[in-house]
Amino acid sequence: MYEQNLEPENEISLLDLYVILRRNIVLILAFTTLIAMIAAAYAFFVVDETYASNADVMVQVQTDPNIDGSYDYNTAQKLLATIVEFMSKDVVLDEVIRDLDLSYTTTQLKNNLTVTSSNTSFFINIKYVDKDPRLAKEIVDSVINQSILVANGNDAFSTLKNKITRTSFADMGVYEAPNKPLYVAIGIILGGIVGVGFVFIKELMNNSYRTKEQLEQAFDIQVMGTIPEFEVKEDF
Amino acid sequence: MAKKKFSIEKLINGERVEKYDYLITKYDPLSFVTESFQKVIINLEYANVDKNLKVIQFTSTLPSEGKSTFVSNLSYLMGQKGQKVILLDLDLRKPKMNRVFNVPNKNGLTDYLAGKITLDEAINHSDDIGIDFINAGEKTTSVINVLEAKKLKELIAQLREIYDYVLLDTPPVISVSDALYISKLADGVIFIVAQGKAKKVLVKDAIKTLKEYGVNILGIVFTQFDMKSGYGYGQDYSYYSDDE
C-alpha cells in the first residue's frame, strides 16, 4: 500500500503560521497597499469635505424672586430639553430655509444639525455641518435667530418666550470630515487583515506536498533527493 | 527550477520565469543546489548497482514541475563524471530540450522517425554541457503513433548499446498519456514532484496510474524546494552556502 491515511500535517503550529505569512509577505503587502490606496483615494477624492460651524445660546431659567437663588430644577431641565428639541423642529427650520432661501429640505437640515445641551449648565450648543463653511455659519446663526423669533413671536410657544438668549455667533465653518489619516489607517489595517485572510485561505486550499517527509509517507517510494529552488544569477 | 530574482510578471502572476539554459550545476558547481543534484546521482547509482538501469524516464504530475531543468542538470553532472549520456526530448507536444541547449528545434526525433534524417544527424553534441542529445523535432499531430513506433523502440535499443545512460524527458502524466507509452521503453521512471505545486490527490493519481501500468518507479525527486519556507532543511543551508 502506498497510501496512508495518517496525515499529521493537519496540525498547524505557530511556526507554520509565521512561515506562511513570511512566504506570502509580498501578497500581504500588496493587499495592504492596494486597500490603503483605495481608502486614501476615497478620502481624498471621492468624499466631499465638510465644515462644521457652531454657536451657543443660553436658556433663561425663571427664579423665584422671594427665595434667593432658588429655581425648580425639574422645570429647568424640561425647559432645556424642550428648547433643544424646539430648535430642530420644522417650525424653526422652515423659517431658516425661508430666511436663507435654501434649497435644502427640513429633513436635510435636521440630518446635519446637532443641538446639544448639558446636564450641568443652561447652555445649548448648535452645530451645523455643510460642504460650504460659510453656509454652515449662516445656518447656525439663522437657526438661533429664527428660534428666538419664533419663541418670542408665536403665542403657541409662550412658555419659551424670552427664554433663549444668544451667547455667541457662529464662526466660519472649520474642517470636520473626512478624517483622511483615519481613512488611510483603516485602509492599511483592513488591507492587512484581508491580505492575511487571503493568504491563509490560499494556503488552506493548497493541499500539496510541502516536505520530503510528506512524500515519503504518502508513497512507498524512495525520495532520491530534494532540489532547492534556485535563482538565476544576475550576471548570467 | 531556475527563476529570476524579481520580476513584475512573477509578482502579479506568481509565475516562474523559466530560464532553461541556465545550468546551475555548471555555473555554480559549489552551490548547495549542485550538491543536491549530486545526492540524486549517488542515490541513482545505489539503485543501479547492477547497471541494468540504462533508459531512465523523467516525468511529473503537472507541467513545469522542473523536469527539464532537473534532467539537464543531472545529465551535465553525469557527463562530468565521465558517463556517456544522451538526452532525448520525448515531450513532443511541448519540447523544451532545445531551449536548454539553446538550439533550434529541428532535425529531431520525429524527423528521424519519419526517415527524413539519419541517426547521426539527429544526435547533437553539446560541447557546452558535454553530452549528446536529440531534440523533439518537427511537431506532429500523431504523437501516440510516434511513441508507439517500432523505430523508436529500435532507436532506444540502439542507444542503449552506445550510452551509459539514456535519459528521456517526457510530458507530465496527468494531461496526456504519452508518459505511459514512453514508460514501456524505459527501465525505470524518476518521478518529479515540485513543492507546493500539484495537489496531493493529483500526485497520488499520477503515481497510481504509473503503478497500474507496471512502471518501475525508481524514486521521487522533490524539486523547487523553497529553502526559506522553513519546512526543515534550513539549517543545513547556511553551512553549505558560500556565496549567498
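Where a number appears in this text, it was derived from the coordinates with a stated rule and is not lab data. Not measured: the values here are computed from a predicted model. Using ideal geometry, Cβ is built from the backbone for each residue, glycine included, and neighbour counts are taken over all protein chains shown.
If you count the DSSP beta bridges with both ends in the protein assembly as shown, what percent of them are antiparallel, to the nearest 5? Just about 45 percent of them are antiparallel.
Between the stretch A:42-63 and the stretch B:82-155, the alpha-carbon centres lie 82 Å apart.
Each listed q (0.13, 0.15 Å⁻¹) maps to a log10 I(q)/I(0) for the stretch B:95-154 from the Debye sum over equal C-alpha point scatterers, namely -0.32, -0.43.
Taking every residue in B:37-50 and counting other chain Cβ atoms within 10 Å of its Cβ, the average works out to 2. When the charge dipole of the stretch A:50-177 is built from unit charges on Cβ atoms (+1 for Lys and Arg, -1 for Asp and Glu) and taken about the Cα centre, the candidate among A:Val143, A:Met87, A:Tyr51 whose Cα reaches farthest toward its positive end is A:Tyr51.
Measuring between their Cα centroids, the stretch A:91-124 and the stretch B:165-219 lie 79 Å from each other. Pairs of Cα atoms in the stretch A:117-236 fall into 10 Å distance bins, from 0 up to the last occupied one, in shares of 10, 17, 16, 12, 10, 8, 8, 9, 7, 3, 0 percent.
Please state the charge dipole magnitude for the stretch A:50-177, taken about the Cα centre, from unit charges on C-beta atoms (+1 on K and R, -1 on D and E), reported in debye and rounded to the nearest 20.
For this selection, approximately 120 debye.
Based on DSSP H runs of at least 4 residues, each adding -39500 (n - 2.57), what is the mean residue ellipticity at 222 nm of chain A after dividing by all its residues, to the nearest 500 deg cm²/dmol?
Values: 8 runs with 114 residues, N = 236.
Counting only the DSSP helices, I get -15500 deg cm²/dmol.
For A:Tyr51, the residues whose amide H sits under 5 Å from its own are A:Asp130, A:Lys131, A:Asp132, A:Glu176, ignoring neighbours fewer than 5 places away on the same chain, with H placed 1.01 Å from N.
Between B:Ile162 and A:Leu29, the FRET efficiency estimated from the beta carbon spacing at R0 = 60 angstrom works out to 0.65. Please report the base-10 log of the normalised intensity I(q)/I(0) for chain A, using a Debye sum with one equal scatterer per alpha carbon and no solvent, at each q in 0.11, 0.12, 0.15 (1/Å). Evaluating at q = 0.11, 0.12, 0.15 Å⁻¹ gives log10 I(q)/I(0) of -0.75, -0.82, -1.04. In this simple spin-label approximation, A:Lys161 and A:Thr82 carry label points 7 Å from Cα along the Cα→Cβ vector, and these lie 1.3 nm apart. Modelled this way, with points 7 Å down the Cα-to-C-beta line, the labels at A:Thr107 and A:Phe169 are 3.5 nm from one another. Kindly express, to the nearest 10 degrees and within the range 0 to 90, the angle between helix B:67-80's C-alpha long axis and the longest C-alpha principal axis of chain B. Roughly 80 degrees between the two axes. Mind checking the angle between helix A:180-205 and chain A's longest principal axis? C-alpha axes, 0 to 90 degrees, to the nearest 10. Helix A:180-205 sits roughly 30 degrees off the main axis of chain A. The C-alpha radius of gyration of chain B, expressed as a fraction of 2.2 N^0.38 Å, stands at 0.99. Of all lysines in the structure, the ones whose alpha carbon falls short of 18 Å from that of A:Lys137, not counting any fewer than 8 places away in one chain, are A:Lys110, A:Lys127.
Taking only the Cα atoms of the stretch A:50-177, the radius of gyration and Dmax are 15.0, 51 Å. Ranked for footprinting exposure by Cβ neighbours inside 10 Å, fewest first, A:Asp171, A:Asp56, A:Asp48 give A:Asp48, A:Asp171, A:Asp56. Tilt of helix A:133-153 relative to the longest C-alpha principal axis of chain A, in degrees (0 to 90, nearest 10)? On a 0 to 90 degree scale, this one is about 40.
Report, in listed order, any pair from A:Lys212/B:Lys199; B:Lys26/B:Lys199; B:Lys54/B:Lys81 with a Cα-Cα distance greater than 25 Å.
Details: A:Lys212/B:Lys199 15 Å; B:Lys26/B:Lys199 32 Å; B:Lys54/B:Lys81 16 Å.
With Cα atoms farther than 25 Å apart: B:Lys26/B:Lys199.
Listed by chain and number, the lysines whose C-alpha is less than 18 Å from the C-alpha of B:Lys106, apart from same-chain residues fewer than 8 away, are B:Lys94, B:Lys96, B:Lys116, B:Lys139.
Coupling constants for the stretch B:178-188 follow from the phi torsions by the Karplus curve (6.51 cos²θ - 1.76 cosθ + 1.60, θ = phi - 60°), and in residue order they are 3, 4, 5, 5, 5, 4, 5, 8, 9, 7, x Hz; glycine and proline get x.
Between B:Lys116 and A:Asn179, how high is the FRET efficiency from 1/(1 + (r/R0)^6) when r is the Cβ-Cβ distance and R₀ = 56 Å? Nearest 0.05. Mind showing how you got there, number by number?
Details: r = 75 Å, r/R0 = 1.34.
It comes out at approximately 0.15.
With the simple model of a label 7 Å out from the Cα in the direction of the Cβ, B:Asp127 to B:Thr141 spans 4.1 nm. Note on the protein assembly as shown: the C-alpha convex hull projects to 37.6 nm² when averaged across all orientations.
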